[in-house]
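K.L.:
Just passing along the structure, written as structure tokens.
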Amino acid sequence: MSLYLEHVSQQFGQTPALRDITLEIKKGEFIAILGPSGCGKTTLLRAIGGFIKPTEGTIRLDETIYSDGHTMVPVEARDLGMVFQSFALWPHMTVEEHVRFPMESKRQKHLSAEEKRRAVEQAIANMGLLPYAKRLPGELSGGQRQRVALARAIVGKPSILLMDEPLSALDAELKISMRREIQDIHSQTGATIIYVTHDQSEALAMADRIIVMKNGAIEQIGTPQEIYASPRTEFVASFVSKCNMVQGKWRDHQFHVAGSTLVYEDQAIAPVFKEKGIYPVRPEQFRLSRTGQGLAATVTNRQYNGREIQYSLRCANGWFTVYTGCEAMFQPGEEVRMILKDQEGAGR
Ligand SMILES: Nc1ncnc2c1ncn2[C@@H]1O[C@H](COP(=O)(O)OP(=O)(O)OP(=O)(O)O)[C@@H](O)[C@H]1O
């Protein structure tokens, strides 16, 4: 079952929170909605969940209309599970009571009491919460509380799981292990996951496709590889990860770097960069050398993290970032060449 959004817009007074969103999310896909604060991510999720009725447009699950100009299916009648940033647990309810709660809804009334009991037990066991079933939220760690929220979301076996920054309240280490648990839930349940985040690494690591949003509109939709390697706009290039914008002139599918004799070949660079006289280069696409044909630059800062070295550099083209392996070290203040790896020898 695919979820379709057709020309969905949301206006809050003078604020256009969503602008003409059209997209199809296929059954079983893991979709990340990525964008800066205020770009409309949560509003999009709330519209899909049924917490708001969009000002315009249609949301449907195959042929079942969830909302349009005439219809508004309430939250509890939609085939969805939800997990939010704040966990949203009741302080007076035990783990088991939380997970049982969705089973009392009308959508589950076709199940017998025994089937419900088994579903609750299985969801609790799947999330490793059996020893804590009788505990209250106040007696659990942050990670355990988030597992309760996940168990509650999956117990009714919904077709779609909506997740709004579910890991943002957790510390860095716990985040990584919970990422894995969410990926496991995805593969075990086969549910479609729509996952809101402003964390680029989370989106790149987990999603089948990423929707990058800006100012209420979709800026680009693509696989993590497409979004990273072939950004279509300057915003996507610099939001999704660091990106160096080399200045110059495009002529006949070749890029002439400003202030040098270097020429880069076109590598499917998007038209928007060509119009602006830019060649986008990711930090790991350059290598540094003391000799050779490359952009002359001065090392201004060096940070070693065990796996790689991250350099900041200044050159006539502006400030650059380059990530290299740990085999050679360059000193701050040192004059170096930044050489585009896959175009070695380019130049005239
Ligand atoms: N109920 C509301 N009433 C008025 N304006 C709202 C309402 N909800 C959201 N907005 C506005 O709509 C815009 C989009 O908000 P939204 O919460 O969707 O952004 P977001 O991308 O999820 O941001 P964040 O990452 O900070 O949570 C913002 O300008 C916000 O102020």
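Values in this text are rule-based calculations from the coordinates and carry no lab data. Given the structure is predicted, the values throughout are model-derived calculations rather than measurements. So basically every Cβ, Gly included, is an ideal-geometry build from the backbone, and we count neighbours across all protein chains shown.
K.L.:
Which entries of 53/109; 242/341; 242/276; 53/157 have Cα-Cα distances beyond 21 Å here?
P.N.:
Correct reply: 53/109; 53/157.
K.L.:
Just to be sure I understand: of the beta bridges DSSP finds with both ends in the chain, what percent are antiparallel, rounded to 5?
P.N.:
Among the beta bridges of the chain, antiparallel pairing accounts for roughly 75 percent.
K.L.:
So what is the calculated 222 nm ellipticity per residue for the chain, using -39500 (n - 2.57) for each DSSP H run with n of 4 or more, over all residues, to the nearest 500 deg cm²/dmol?
P.N.:
-7000 deg cm²/dmol
K.L.:
What net charge is computed for the residues neighbouring residue 105, neighbours being all others with C-beta under 15 Å from the C-beta of residue 105, Lys and Arg scored +1, Asp and Glu -1?
P.N.:
Working: positive: 78, 100, 106, 107, 109, 116, 152, 157; negative: 76, 79, 97, 104, 115.
Here the count lands on +3.
K.L.:
For the chain, restrict the atom set to alpha-carbon positions and state the Rg and Dmax in Å.
P.N.:
Taking only Cα atoms of the chain, I get Rg and Dmax of 24.4, 78 Å.
K.L.:
Under the rule of at least 5 residues apart or a separate chain, name every residue whose amide H is placed under 5 Å from the amide H of residue 66.
P.N.:
Here the answer is 59, 60, 61, since their amide H atoms fall under 5 Å of that of residue 66.
K.L.:
Using the eigenvalues of the Cα gyration tensor, what equivalent ellipsoid semi-axes result for region 242-343 when each is taken as the square root of five times the eigenvalue, whole Å, largest first?
P.N.:
Its equivalent ellipsoid spans semi-axes of 24, 14, 12 Å.
K.L.:
Using a Gaussian network model of the chain with C-alpha springs under 10 Å, which one of 193, 124, 210 is most mobile by mean-square fluctuation?
P.N.:
Largest GNM mean-square fluctuation: 124.
K.L.:
Ranking request for peptides 294-302, 9-17, 28-36: highest mean number of other beta-carbon atoms within 10 Å first, then the rest in descending order.
P.N.:
Working: 294-302: 17.6, 9-17: 13.9, 28-36: 21.9.
Ranking, from highest mean packing down: 28-36, 294-302, 9-17.
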